[in-house]
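Peer 1: Following this message is one structure expressed as structure tokens.
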2 protein chains.
Amino acid sequence: MEVELKEMLDDLLSLRQSLSDPSLHASIDKLQSRIDRLTHLAKSVPVRRSKVKDMSSEVVDSNPYSRLMALQRMGIVENYERIREFSVAIVGIGGVGSVAAEMLTRCGIGRLLLYDYDKVELANMNRLFFRPEQVGMTKTDAAVQTLTDINPDVVLESYTLNITTVQGFETFMSSLKNKAFRPTKEGSGVDLVLSCVDNYEARMVVNQACNELNQTWMESGVSEDAVSGHIQLLIPGETACFACAPPLVVASGVDERTLKREGVCAASLPTTMGVVAGLLVQNTLKFLLKFGHVSPYLGYSSLKDFFPTMAMKPNPQCSNAACLERQREYLLAKPARDAAAKAMMEAEAKATVADVALHTDNEWNISVVDDNEPESTCVTSSDVLPEGLTHELPSADEFLKPHASGAPDMAIDDLEDLRRQLDALNAD
Amino acid sequence: MEVELKEMLDDLLSLRQSLSDPSLHASIDKLQSRIDRLTHLAKSVPVRRSKVKDMSSEVVDSNPYSRLMALQRMGIVENYERIREFSVAIVGIGGVGSVAAEMLTRCGIGRLLLYDYDKVELANMNRLFFRPEQVGMTKTDAAVQTLTDINPDVVLESYTLNITTVQGFETFMSSLKNKAFRPTKEGSGVDLVLSCVDNYEARMVVNQACNELNQTWMESGVSEDAVSGHIQLLIPGETACFACAPPLVVASGVDERTLKREGVCAASLPTTMGVVAGLLVQNTLKFLLKFGHVSPYLGYSSLKDFFPTMAMKPNPQCSNAACLERQREYLLAKPARDAAAKAMMEAEAKATVADVALHTDNEWNISVVDDNEPESTCVTSSDVLPEGLTHELPSADEFLKPHASGAPDMAIDDLEDLRRQLDALNAD
């Protein structure tokens, strides 16, 4: 807009020079001051941050990645910057999917693939991410707009389509297969698929795609009463697929979404959806960057803050043919997996033996302490604090010393004393 | 901006009429088309949503509260609209506080009081809420800007100050005491204080203020390695205050924040902070709207998805004088509390007796089932589904019926059969 205003000003000034009648100059001046004001207004329009080539761990306020690269220094992640190699597909950009997309974008994920066919509505404003001025836009367009502003380093691909249609499913499949972003990657073109859809039909379609592609994915969901949710890890052939243990009751003959919207409008809360998105992306980070333990299933029951976990094996009588194929492959690969596990255990055992060999002169790591050493100099390593830190409470030794000040002595000698003190407290 | 452009167009058209030389009309036309283009550009600038007088539960896309009011229909909350009466103070608008503020704003909280003295930096971009174009603004100003756009119905009060200074503490206290928003409220002017600060000193100040005001508050925190966090409910006199069990090690003689930033830059993640903010605000909603169970303490250890809980009683030897005063008051009020609890229990018992009295003709609720009734008509209430829903799996009865179709019979008669089927599966 600033460029346009500058051009307009130039046009105006050349018009002024062409004017023979000086009485008209006042009108030109007025127009010029209007352009100046507009230029000032336009300057308050957001400026985007520029792209960053490498993730720096430098601790300066201007580094958007300093707090993430600190995960390496803290010993949580071995190589944080690897996150730029990964592609994550998010199906459903609603209350959970949009927040998951924002979290991954702020974490500096390499590439995000976004799928949704819905439009932003005011009725979505009780969940995080979308803003009222985006009402009417497709959720994919609105998400790309917001995410690009937040972190231009992330490669965004958005698909405004319904994966449950034939055409939509085909595009979905081919987008997952596309390996242009990292041609050396094995398997499909994405590292993980996150299902953040709100209905059974769409979940079954994601399940079908991932079973066919042998693609690991994570399921997420929030209950209709808005107060509980879950996430689940699905590895084709290794864990239960979504069809291995389907829900007991499903919609049939009617559109689930219509049923939900016009019949019994589902409740939703930004809290539950924020927690579910957070748990989902935290497990995504653990999965991609190989730290901690990825939960096979994690529930969130907010009324009592209860978080059930469980693991589900695949169902040998699953109705999904691709799932049965993956199960067969997984069984066939068992001897190879066992051999690899055995080799790793043996290597670890050897390493341990090597470690022990270093201490043959003191096999049990025994050291002798001089009993006569005065206690006051017996400082253990945990008592030594880095500069600037101090113990908030006195140490046990200090606590037992008699008080030097005039304050009443709180040390309790016997039960009688304790009773007297309690009585005094109650009498206050 | 559109108004300014319209005025400019009027000026330009009047200039055109004053021009005696028609050869200059082309220049005017060019300027006019430029204004048209700018008007078109300006129209893409965000339009805010207007205020809403009452929270409607009407299920239409344009209602920003439909999914929240649905909590009533779902039987979770008795009166959701009461949320508009409540005031919540959030101290610290960082990774947790800003998300908590956004969640409460989207939930339609009555009034939010925000406290922070820091500015937005690019180094904050790895957490939710703030955007790169807000870099350099105070966190309070940036938050007010974003939150007003999201929900203009919320009354926002922001305080750009450091509560750990003498002047800052005074303003903090008087803002909490101010009851202009709901003059009939008992106690202070706010319903809950959320502490979302990142250092010990500020937590002790919030603790001091809340002990003095007898104000219930919630503490939150995230570890320096970014992979765990917690929330805690503190009711002066009833639960442990923050000084009742202080951390074992604290900073002394140096500024904790400096220590953290330049020495060992703390790691942070949008996931952990999003989860902690979600758990914090979910418990805030449970506390304000009286549903579910408010957790006294809830930890989040993300590496293993472990959520420890505990409750802490106040320390009779707490170093905080105001805490001891609140403890004394709580003890003094014990007889009144016990009497109230007893009265409530008796009332409930009476109600139960009254319920039973309705069924004196069948005290044990026994009904007789005719054993000769044919099984096919024995439909229990759980088998009857609302229109549009169907069982995904066959019922146990159907499963045992012999297959009518030409598909291979999967019923297993004996062990020999089972072995044959397994062999066939492995041979595939």
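Peer 1: Which ones in segment A:75-131 are facing chain B (nearest Cβ under 9 Å), among the charged types (D, E, K, R) and assigned to a loop (DSSP other than H, G, I, E, B)?
Peer 2: A:Glu121, A:Arg127, A:Arg131
Peer 1: To continue, here is another question. Looking only at residues in segment A:292-309 that are among the aliphatic types (A, V, I, L, M) and within 21 Å of the chain's Cα centre (by Cα), which one is surrounded by the most Cβ atoms within 10 Å (Cβ to Cβ)?
Peer 2: Among them, the one singled out is A:Leu298.
Peer 1: Within segment B:253-262, is even one residue within 29 Å of B:Ser87 (Cβ to Cβ) and either in contact with a Gly (Cβ under 7 Å, 6 or more places away or on another chain) or modelled with pLDDT of 95 or more (or both)?
Peer 2: no
Peer 1: In addition: Out of curiosity, is A:Ser27 more than 30 Å from B:Met55 (Cα to Cα), surrounded by 16 or more Cβ atoms within 10 Å (Cβ to Cβ), out of contact with any strand residue (DSSP E or B) (no Cβ under 9 Å at 6 or more places or on another chain) and hydroxyl-bearing (Ser, Thr, Tyr)?
Peer 2: Details: more than 30 Å from B:Met55 (Cα to Cα): yes; surrounded by 16 or more Cβ atoms within 10 Å (Cβ to Cβ): yes; out of contact with any strand residue (DSSP E or B) (no Cβ under 9 Å at 6 or more places or on another chain): yes; hydroxyl-bearing (Ser, Thr, Tyr): yes.
Yes: the conditions hold for A:Ser27.
Peer 1: Let me ask something else. What residue, among those in segment B:222-236 that are outside any loop (DSSP other than H, G, I, E, B) and not hydrophobic (A, V, I, L, M, F, W, C), is farthest from B:Val281 (Cα to Cα)? Please lay out each step first, then the result.
Peer 2: Residues of segment B:222-236 outside any loop (DSSP other than H, G, I, E, B): B:222, B:228-234.
Filter once more, so that each one left must be not hydrophobic (A, V, I, L, M, F, W, C): B:228-230, B:232.
On the way: B:Ser228: 17, B:Gly229: 14, B:His230: 13, B:Gln232: 12 Å.
The selected residue is B:Ser228.
Peer 1: Now, a different point. Being on the phi > 0 side of the Ramachandran plot and more than 9 Å from chain B (Cβ to nearest Cβ) is true for just one of A:Lys313, A:Lys290, A:Lys334. Which residue is that?
Peer 2: Among A:Lys313, A:Lys290, A:Lys334, only A:Lys290 is on the phi > 0 side of the Ramachandran plot and more than 9 Å from chain B (Cβ to nearest Cβ).
Peer 1: Under 8 Å between Cβ atoms, at least 6 apart or on separate chains: pull out the pairs that start in segment A:132-150 with a residue that is away from every other protein chain (no Cβ under 11 Å) and outside any helix (DSSP H, G or I) and end on any residue that is of a type in the set (Phe, Trp, Tyr) and open to solvent by 30 Å² or more (accessible area, probe 1.4 Å).
Peer 2: A:Thr138/A:Tyr117
Peer 1: In segment A:68-126, which residues are basic (Lys, Arg) and either modelled with pLDDT under 95 or open to solvent by less than 10 Å² (accessible area, probe 1.4 Å) (or both)?
Peer 2: Within segment A:68-126, A:Arg73, A:Arg106, A:Arg111 meet the criteria.
Peer 1: Here's a follow-up. Tell me yes or no: at least one residue of segment B:164-176 is in contact with a Pro (Cβ under 9 Å, 6 or more places away or on another chain) and either more than 25 Å from A:Arg106 (Cβ to Cβ) or surrounded by fewer than 17 Cβ atoms within 10 Å (Cβ to Cβ) (or both).
Peer 2: no
Peer 1: What number goes with the only condition from (1) over 23 Å from B:Glu4 (Cβ atoms); (2) outside any loop (DSSP other than H, G, I, E, B); (3) of a type outside the set (Val, Ile, Thr) that B:Glu58 does not pass?
Peer 2: Going through (1) over 23 Å from B:Glu4 (Cβ atoms); (2) outside any loop (DSSP other than H, G, I, E, B); (3) of a type outside the set (Val, Ile, Thr) one by one, B:Glu58 breaks only (2).
Peer 1: Of everything in segment B:1-18, what is assigned to a helix (DSSP H, G or I) and either in contact with a Pro (Cβ under 8 Å, 6 or more places away or on another chain) or in contact (Cβ under 8 Å) with a residue 24 or more places away in the chain (or both)? Give them in sequence order.
Peer 2: B:Glu2, B:Leu5, B:Lys6, B:Met8, B:Leu9
Peer 1: Return only the number of the condition from (1) modelled with pLDDT under 85; (2) surrounded by fewer than 16 Cβ atoms within 10 Å (Cβ to Cβ); (3) not in a loop (DSSP other than H, G, I, E, B) that B:Leu38 does not satisfy.
Peer 2: (2)
Peer 1: Then there is this: Taking the residues in segment A:316-331 that are in a helix (DSSP H, G or I), open to solvent by less than 70 Å² (accessible area, probe 1.4 Å) and among the hydrophobic types (A, V, I, L, M, F, W, C) as candidates, determine which candidate is nearest to the other protein chains (Cβ to nearest Cβ).
Peer 2: Checking each candidate, the answer is A:Leu324.
Peer 1: Could you list, in sequence order, the residues of segment A:203-214 that are open to solvent by less than 10 Å² (accessible area, probe 1.4 Å) and not aliphatic (A, V, I, L, M)?
Peer 2: Taking segment A:203-214 first, the residues open to solvent by less than 10 Å² (accessible area, probe 1.4 Å) are A:206-207, A:209-211.
Of everything in segment A:203-214, those that are open to solvent by less than 10 Å² (accessible area, probe 1.4 Å) and not aliphatic (A, V, I, L, M) turn out to be A:Asn207, A:Cys210, A:Asn211.
Peer 1: Pairs only if they're at least six apart or on different chains, beta carbon under 8 angstrom, first in segment B:182-201 and open to solvent by 60 Å² or more (accessible area, probe 1.4 Å), second part of a helix (DSSP H, G or I) and at pLDDT below 95; list them, first residue then second.
Peer 2: B:Asp198/B:Arg257; B:Asp198/B:Lys260; B:Glu201/B:Glu256
Peer 1: Yes or no: A:Lys350 at pLDDT 60 or above, under 30 Å from A:Thr239 (Cβ atoms), open to solvent by 90 Å² or more (accessible area, probe 1.4 Å) and among the basic types (Lys, Arg)?
Peer 2: Working: at pLDDT 60 or above: yes; under 30 Å from A:Thr239 (Cβ atoms): no; open to solvent by 90 Å² or more (accessible area, probe 1.4 Å): yes; among the basic types (Lys, Arg): yes.
So A:Lys350 does not fit the description; no.
Peer 1: Would you pick out the residues in segment B:290-315 that are among the aliphatic types (A, V, I, L, M) and not in a loop (DSSP other than H, G, I, E, B)?
Peer 2: The one that is among the aliphatic types (A, V, I, L, M) and not in a loop (DSSP other than H, G, I, E, B): B:Leu298.
The values are calculated or read from the model by the stated rules, or taken from the named source; none is laboratory data. Remember, it's a predicted structure, so these values are computed and weren't measured experimentally. Cβ atoms come from the backbone with ideal geometry, glycine included; neighbour counts cover every protein chain shown. Ligands, DNA and RNA are excluded from the accessible area calculation, which covers all protein heavy atoms including side chains. Shrake-Rupley method; radii C 1.70, N 1.55, O 1.52, S 1.80 Å.
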